[in-house]
């Protein structure tokens, strides 16, 4: 099934190439309108039409793995209006647009909240957390340009292993440093952290949109490889009551990714597809995995943080120790991984460098 919301004519196969399309669909701009295309929704139109009610259909779709609120809303709307045969909503169809928004706000979002809160049953009090296999790789976390200490990093060992990856912040990573790291045989792991992610007031949907848009744009600017993640940082320990703020922020990150794709299309540039990762406590990683809004996971060290006493069972990266004493004259964080950290190296053929700050 293919459904579309708000936009212009059908997109042909040539238009789809190189613009970030995937199994979950994509937003893009045509003229002054936005088109959203979703492919392979898990329920057919017939199944949706036969469902006892919208709520039942949504619950079934969520159980089948669909958690995108726009995709779910679009499916219910199209099931209610088979006479439209998937026709785009036009800007002058105000009553139908209000109906679409009502479905999203009063059916889809509540169903997603209930599903997120109740996906997994409570574990028995004596249950042990799932065991993560022993790590196989070691890395360092660096806050500044590592070019002048590369040889020192190459000489380090952690847990008896040489350093194979370096985490760097996109806010100050340059293509020159990416080239030096790549030439040294080190994988680069990208993180976006800007402002004050140690303060819960930071985590809003609007901030997530801004961070996503700038972060993914900067990743393309420095030549980050297609399909690799950017880890967005939750550098604090939110409680359960603050869970929704974290989810709202990562919903904004997803919207920022959409805006990045639109920006690239508007500049006639090929949009490099990336993935969203999250850095935080075990609880933050749990929430984001359950909601399906991040697919790469970096667990913070702080043993006192929520669900952080053990290595989280789905971690790609784990901060394994404090960044003291200094190594190579720096406070280099100690990282461990399992060979799937999401690292990348600079490829020979690169697009002209972009400047993410031009978007502000």
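Observations
- Tally, over the range 308-326, of residues that are more than 21 Å from residue 283 (Cβ to Cβ) and crowded, with 19+ Cβ neighbours inside 10 Å: 0
- If the condition is being in a helix (DSSP H, G or I) and either closer than 20 Å to residue 202 by Cα or in contact with a helix residue (DSSP H, G or I) (Cβ under 9 Å, 6 or more places away or on another chain) (or both), then the range 252-275 contributes 252, 253, 254, 255, 256, 257, 258, 259, 260, 261, 263, 264.
So that you can scan it fast, the table gives a plain yes or no per residue for (1) closer than 22 Å to residue 330 by Cβ; (2) in contact with a strand residue (DSSP E or B) (Cβ under 6 Å, 6 or more places away or on another chain); (3) assigned to a loop (DSSP other than H, G, I, E, B):
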{"position": "145", "(1), (2), (3)": "yes, no, yes"}
{"position": "150", "(1), (2), (3)": "yes, no, no"}
{"position": "153", "(1), (2), (3)": "yes, yes, no"}
{"position": "227", "(1), (2), (3)": "no, no, yes"}
{"position": "231", "(1), (2), (3)": "yes, yes, no"}
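- Any pair with Cβ under 8 angstrom, 6 or more apart, that starts in the range 224-239 at a residue that is free of Cβ contacts under 8 Å to residues at least 24 places away in the same chain and ends at one that is outside any loop (DSSP other than H, G, I, E, B): none
- Checking 209, 214, 181 one by one, the residue that is part of a helix (DSSP H, G or I), closer than 12 Å to residue 346 by Cβ and assigned by TED's automatic domain parsing to the domain that holds residue 299 is 181 and no other.
- The range 82-101, residues that are surrounded by fewer than 15 Cβ atoms within 10 Å (Cβ to Cβ) and either outside any helix (DSSP H, G or I) or not assigned by TED's automatic domain parsing to the domain that holds residue 71 (or both): 85, 87, 90, 91, 92
- Among the residues making up the range 253-270, those that are out of contact with any strand residue (DSSP E or B) (no Cβ under 8 Å at 6 or more places or on another chain) and surrounded by fewer than 23 Cβ atoms within 10 Å (Cβ to Cβ) are 255, 259, 263, 264, 267, 268, 269, 270.
- Yes/no for residue 279 being part of a helix (DSSP H, G or I), assigned by TED's automatic domain parsing to the domain that holds residue 232 and in contact (Cβ under 8 Å) with a residue 12 or more places away in the chain: no
- Verdict on residue 128 being modelled with pLDDT under 95 and over 30 Å from residue 69 (Cβ atoms): yes
- Some residue of the range 337-348 being without any contact (Cβ under 8 Å) to a residue 40 or more places away in the chain and farther than 25 Å from residue 225 by Cα: no
The values are calculated or read from the model by the stated rules, or taken from the named source; none is laboratory data. If you're wondering where the values come from, they're calculated on a predicted model, not measured in any experiment. For neighbour counting, all protein chains shown are included, and Cβ atoms are generated from backbone atoms with ideal geometry for every residue, glycine included.
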